[in-house]
Amino acid sequence: MSTLMRAPRECGSWFWDLDEVAAPGLESALAMAARMADVLGKHELLTPHRLEYDWYVLDSGGIDITTSLALTVPLGDPRLPERVLRSRPSGFPDAEVDDIHVVGTGTWIDSQGKTHREPRLVDLSVSPAPVGLSAELAVHHDVWGWFDFAGRPHPDVHQHNAPRLAAALQDLNSSLGVKGEPGEVTYFGFATELGIGTPDALDDGSGPDVTDRL
């Protein structure tokens with residue numbers, strides 16, 4: 001069972017426009033997902049278990065069907081694109097794959113230095129859209145920030161986890177040759193170039209309490 005609260009919206013996200021460094025399309029998107037997952041794996045932030053993706057029909061839009069595909073072969077396996085295409089809904093022979101979400105587990109570290117495995121510790125997605133390849137990384141837990149979701153400072157948790165996220169983002173930028181752009185601010189937090197921003201503290205030293213929306 002999860003030991004962390006997960007926000008329904010991201011606490012921070014980063015977007016990479018990969019149009020100039022990789023071709024669009026399914027094979028390219030899966031190769032990029034494997035490349036990014038390898039980087040995240042080195043920092044113990046993501047061990048991929050399955051893919052999730054929606055389908056759309058060109059000029060018509062989404063068809064409200066989501067496929068979940070267990071990764072019984074490595075993410076970088078050359079047979080994977082064909083397995084994805086074989087999962088196309090039979091009633092929509094012209095359907096194309098929308099954003100590909102890499103679902104797995106990652107490791108976070110508590111205030112005592114103990115490690116824990118957490119489902120969907122980070123969310124990685126890659127878009128194979130014909131207009132250009134792009135990728136996004138998002139986090140939904142409070143272990144990356146100075147405050148927990150209740151607004152209490154937790155410096156030990158922050159110190160054990162935030163530098164790992166920063167190092168992973170740096171390595172992704174270096175590996176991709178493109179700097180990730182921080183995504184939009186949400187009720188649960190905001191991203192900086194290499195981590196989660198710290199909101200202004202109240203007079204008592206606490207941060208915003210966002211538990212009303214968890």
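Quick one: pull the percent of accessible area on the chain belonging to carbon and sulfur, 1.4 Å probe, ligands and nucleic acids left out.
Solvent-exposed carbon and sulfur of the chain make up 50 percent of the total.
Could you report the chain's accessible area per residue, 1.4 Å probe, as an integer in Å²?
About 51 Å² of surface per residue is accessible.
Rounding to the nearest 20 debye, state how big the charge dipole of the chain is about its Cα centre with +1 on each Lys and Arg Cβ and -1 on each Asp and Glu Cβ.
So the magnitude is around 840 debye.
Going by the alpha-carbon gyration tensor, a ≥ b ≥ c the square roots of its eigenvalues, is segment 1-85 rounded (a/c under 1.5) or, if a/c is not under 1.5, prolate (a/b greater than b/c) versus oblate?
Taking the square roots of the gyration eigenvalues as a ≥ b ≥ c, segment 1-85 is rounded.
Check each of the chymotrypsin sites (Phe, Trp or Tyr not before Pro) in segment 163-214 and keep only those in coil by DSSP with at most 16 other C-beta atoms within 10 angstrom; list them in order.
Listed in order of number, the matching sites are Tyr187.
What is the set of long-range amide H partners of Ile65 at a cut-off below 5 Å, with H atoms built 1.01 Å from backbone N?
Under 5 Å from the amide H of Ile65: Trp55.
Rounded to the nearest 500 deg cm²/dmol, what is the calculated helix-only ellipticity per residue at 222 nm for the chain, with -39500 (n - 2.57) per DSSP H run of length n ≥ 4?
That calculation yields -7000 deg cm²/dmol at 222 nm.
What is the helix-to-structure angle for 155-176, meaning the angle in degrees between its Cα long axis and the longest Cα principal axis of the chain, kept from 0 to 90 and rounded to the nearest 10?
Taking the Cα atoms of the chain, the angle to 155-176 is about 30 degrees.
I'd like the orientation of helix 26-42 relative to the chain: the angle between its Cα long axis and the longest Cα principal axis, in ° from 0 to 90, rounded to 10.
Between helix and principal axis, roughly 30 degrees.
Need one number: nm distance between label points at Thr72 and Ser206, each 7 Å from Cα along Cα→Cβ, rounded to one decimal.
5.1 nm
Quick one: net charge around Asp99, please, counting Lys, Arg +1 and Asp, Glu -1 for every other residue with C-beta under 10 Å from its C-beta.
-4
With a 1.4 Å probe and every protein chain left in place, tell me how much accessible area Thr72 has, in Å² to the nearest 10.
110 Å²
With a ≥ b ≥ c taken as the square roots of the eigenvalues of the C-alpha gyration tensor of segment 134-188, please select rounded if a/c is under 1.5 and otherwise prolate if a/b is larger than b/c or oblate if it is not?
oblate
Give or take rounding to whole Å, what are the principal axis extents of the alpha carbon atoms in segment 72-159, in descending order?
Each principal axis gives a Cα extent; for segment 72-159 these are 52, 28, 23 Å.
Considering the dipole of the chain built from charges on the beta carbon (Lys and Arg +1, Asp and Glu -1) around the Cα centre, which of Leu133, Thr67, Gln112 is farthest to its positive end?
After comparing all options, I get Gln112.
The values are calculated or read from the model by the stated rules, or taken from the named source; none is laboratory data. This one's a predicted model, so the numbers in the text were calculated from it and none came from an experiment. Ideal geometry is used to build each Cβ from the backbone, glycine not excepted, and the neighbour counts take in all protein chains shown. We work out accessible area using only protein heavy atoms, side chains counted, and drop any ligands, DNA or RNA first. Shrake-Rupley method; radii C 1.70, N 1.55, O 1.52, S 1.80 Å.
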